[in-house]
Protein chains: 2
Amino acid sequence: MVRRVITLLRRRGYKVTPQRRAILRVIVDSQEHLTPADIYERAHKEYTGIGLVTVYRTLDILDKLGLICEVHAEDGRRSYLLTRPSEHHHHLICSDCGKVVDFTGCRLGELEKRLSRETGFEVESHLLEFIGCCPSCQKAAST
Amino acid sequence: MVRRVITLLRRRGYKVTPQRRAILRVIVDSQEHLTPADIYERAHKEYTGIGLVTVYRTLDILDKLGLICEVHAEDGRRSYLLTRPSEHHHHLICSDCGKVVDFTGCRLGELEKRLSRETGFEVESHLLEFIGCCPSCQKAAST
DNA sequence: ATTCTAAATGAAAATCATTTTCATTTACTA
DNA sequence: TAGTAAATGAAAATGATTTTCATTTAGAAT
């Protein structure tokens, strides 16, 4: 996984630095969505010589290459998640603990067509997120 | 419209100040989505003795009461729009000029049920935004 | 009408995430 | 192995939002 991304980076003319490796490893190893600060904290343990700025810059690149994707947190902060090879997907976010579950199959093509027809917009993309309470937080809440 | 909101504010125990009236009038008079700074600027013309902080605070209240709703801008800034009485609606946002068009009828109930079944989440709400290019920006772009 | 009090306000400072700057270092090409 | 453009880190800048706190005020109570 990391190897795949590294190859892609090189092919696109980006240099592969220890910082970028560390950041990548953190993202790949985690199944959660992480804020830049989270990633910094973890990567820093592995490779001390790394700055938060570099994390931001690397995340920008990875995002641009479509290797990670941004999650809109409710408070406006951003966080990132590794893009699954399945491409087009959306998030189901727990409003309590922040856990993120991916899903695909949004079936919004029909709606998109309708909107184009009715408004004249040329639709480029969409953002779909469900907010809810995950099973373990439901359990915790009922205690 | 403004009157309706003012009544609601009073009923909920909020005081009706000239600042709040000015902010309300700005929001009701505008069909666009406005950032807190936009609202401040306009309200300030009408009622000079108003601060940006008060705008933020008032927007928080109006949002909490469901009278306005937040729009996720792509750059992470927020902006607000009067909630139409039609309730549940979503946005179609022009990536070029930022124009926002509301729409209803998202038909996500089916998907929501599927997600609940598959993940055990208790879905509370969802966020759906389409990003695209509005007719006038399309025209401008082809010039 | 006047008094009273909790709520609301504004100015300034604090926060906090993110971006920019710039001098230094480094990955990779030739 | 040397040369160069890209990458880095530290610090400063930015910009939106929030907090603090002393002062004012809306609206209830008298």
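The values are calculated or read from the model by the stated rules, or taken from the named source; none is laboratory data. Keep in mind that this is a model prediction, so the values were computed, not measured. For neighbour counting, all protein chains shown are included, and Cβ atoms are generated from backbone atoms with ideal geometry for every residue, glycine included. The protein model used for the area step is the full one, side chains on, heavy atoms only, and it has no ligands, DNA or RNA in it. Shrake-Rupley method; radii C 1.70, N 1.55, O 1.52, S 1.80 Å.
Projecting 7 Å from Cα along the Cα-to-Cβ direction, the label point of A:Gln31 sits 4.9 nm from its equivalents in the other copies, listed shortest first.
Of all DSSP bridge pairs formed entirely within chain B, close to 70 percent run antiparallel.
What shape does chain B have by the C-alpha gyration tensor, where a ≥ b ≥ c are the square roots of the eigenvalues, rounded means a/c under 1.5, and otherwise prolate means a/b greater than b/c and oblate the rest?
Numbers: a/c = 2.35, a/b = 1.27, b/c = 1.86.
Oblate shape, in that a/c is at least 1.5 and b/c is the bigger or equal ratio.
A point 7 Å from Cα along Cα→Cβ stands in for B:Arg12, and the other copies hold the same point at 4.4 nm, listed in rising order.
Classify the stretch A:1-83 as rounded, prolate or oblate, taking a ≥ b ≥ c as the square roots of the eigenvalues of its Cα gyration tensor: rounded when a/c is under 1.5, otherwise prolate if a/b is larger than b/c and oblate if not. Judged from the Cα gyration tensor, the stretch A:1-83 comes out oblate (a/c at least 1.5, b/c at or above a/b). Residue ranking by accessible heavy-atom surface, 1.4 Å probe, largest first, among B:Asp102, A:Asp29 comes out as A:Asp29, B:Asp102. Mean residue ellipticity, 222 nm, helices only, the protein assembly as shown: the sum of -39500 (n - 2.57) across DSSP H runs of n ≥ 4, divided by residue count and rounded to 500, is -13500 deg cm²/dmol. For the set A:Val55, B:Val53, the ranking by accessible area, highest first and with no ligand, DNA or RNA atoms included, is B:Val53, A:Val55 under a 1.4 Å probe. The charge dipole of the protein assembly as shown, taken about its Cα centre with unit charges on the Cβ atoms of Lys, Arg (+1), Asp and Glu (-1) only, comes to about 360 debye.
Under a Gaussian network description of chain B, with springs only between Cα atoms under 10 Å, the residue in B:Glu32, B:Glu112, B:Glu70 that fluctuates furthest is B:Glu112. Just the protein heavy atoms count here, and of the accessible area of chain A at 1.4 Å, carbon and sulfur take up 49 percent.
Using a/c under 1.5 as the rounded threshold, could you call the protein assembly as shown rounded, prolate or oblate? The axes a ≥ b ≥ c are square roots of the C-alpha gyration tensor eigenvalues, and prolate needs a/b larger than b/c, oblate otherwise.
On the way: a/c = 1.61, a/b = 1.59, b/c = 1.01.
It is prolate, given that a/c is not under 1.5 and a/b is the larger ratio.
Within the listed set A:Arg20, A:Arg78, A:Arg107, the Gaussian network model of chain A (springs between alpha-carbon atoms below 10 Å) gives the highest mean-square fluctuation for A:Arg107.
Solvent exposure of the protein assembly as shown amounts to 56 Å² per residue of accessible area, where only protein heavy atoms count and the probe is 1.4 Å. Taking the label point 7 Å along Cα→Cβ, A:Met1 and its counterparts in the other copies are spaced 4.9 nm apart, in ascending order.
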